[in-house]
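Input: a single structure, listed below in C-alpha cells.
Where a number appears in this text, it was derived from the coordinates with a stated rule and is not lab data. As the structure is a computational prediction, the values presented were derived from the model and not from experiment. Using ideal geometry, Cβ is built from the backbone for each residue, glycine included, and neighbour counts are taken over all protein chains shown.
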Amino acid sequence: MADTDGDAWWAWQHALSAALSPDAGDRAVRAVLSLAHGEPDLNARRLARWRGGRAVLHEEVLAHAYPAVRHAIGLVAFPALARAYTLRHPSRDGDLGRFGCRLPAFLAHDAATRPWRALSAVARLEWAVHRLHRAADAPPLDAGDVALLCAESLGCLMVRLHPSCRLLMVPRAALACWHAFHADRGLVDTSAVMASSHDGANSAALVYRQRYRMAVREVDAAEREALARLRRGCTMASALQAAAGDREEPSDVGGIFARWLGDGLLVVEG
C-alpha cells in the first residue's frame, strides 16, 4: 500500500500507528490514506475495518478478563466502558493479556466510570484470577509427602505459599458478586447483589489455582495471618500456630491444614 524505502516507509508506519489509535481523528485517517497506494475508497474501507476490528478486539480482551464486571455493567453498556478505558489507556504492550491491568483503578477513580464505581473491587478480584493463568508453578506439598515425615520433622519443615497464590482485601460485596456470577453462570443479577450488600467491611480473599481451575475463597483473620507468614516463608509449626488463632478445637486447625494440602497451597523451601 505504500513505498517501502527509507523515510517514506517510516512516515507510513508513523501515520498508520496514529490512524489506528483509539482517539485518532479525521486528520490522522486522511494522513495515512494520503500515503497509501491503490484505490482511495477501497483503502478507506480497509482502514475502517481494521480500526473497527481493533476496537472489538480490545473489548473482547477486557470481557475475557472481567466477565463478572461485564455482566454487572450489561452487554449494552460494556462496549462504552471498553472504549473509554482504551482511550485513557491505549494498548502499548505486545501482550494483550496485560491490557486490562489498569481497569480496577480506572473504575475506581475516573469520572467517566462513576456509575460503576462499586465494581472496582470486583475488577481487582477478577484481575487477580486472570493473572493466575500465567502465574509461576511449583510442585505442591501433598498428603503423601507429609505421610513420610514424623511430627517433629513436619513442624520444622520450611514452607512457603505457592507462588501462584494471591491474598487480597476486598469488600464482602465484591466476593459475593464474584461467587454469584460464577455459581449461576451469569444468570444472576450481580448488580443487585452489590446493591443489596450493606456490609462495607473488607474480607480477605485467597485467589489460587487448583490444577487447571481458578478458585477464590474467603479466609478468616487467623488463616489470613497464617497465609501471610507462609508468603514470607516460615516453619510449618509457625503457620499452624497462626492458623490456630483463638480456635477452641484443635480439629479446626487439622481441617485447615488438610485443606491447604488438598488445594495445593504449600511448597517446600530449599
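With a cut-off of at most 14 other beta carbons within 10 Å, and DSSP calling the residue loop, which trypsin sites (Lys or Arg not before Pro) in segment 69-175 qualify? Please list them.
Taking segment 69-175 and a limit of 14 other Cβ atoms within 10 Å, the loop trypsin sites (Lys or Arg not before Pro) found are Arg92, Arg134.
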*Please give the length that would be gained between Asp137 and Leu75 if that part of the chain were fully extended, namely 0.36 nm times their separation in residues minus their C-alpha to C-alpha distance (nm, one decimal).*
18.8 nm
*If you take the square roots of the eigenvalues of the alpha-carbon gyration tensor of segment 135-268 and sort them as a ≥ b ≥ c, do you get rounded (a/c under 1.5), prolate (a/b over b/c) or oblate?*
prolate
*How would you rank Met214, Met158, Met236, going from fewest to most other Cβ atoms within 10 Å of each one's own Cβ?*
Met158, Met214, Met236
*Using 0.36 nm per residue, how much length does the chain from Ala108 to Leu96 gain when fully extended, once their Cα-Cα distance is taken away?*
2.1 nm
*Can you tell me how much longer the chain between Tyr212 and His64 gets when fully stretched, taken as 0.36 nm per residue apart minus their C-alpha distance, in nm with one decimal?*
51.6 nm
_With the crude spin-label approximation of a point 7 Å out along Cα→Cβ, what separation in nm comes out for Asp184 versus Val56?_
3.1
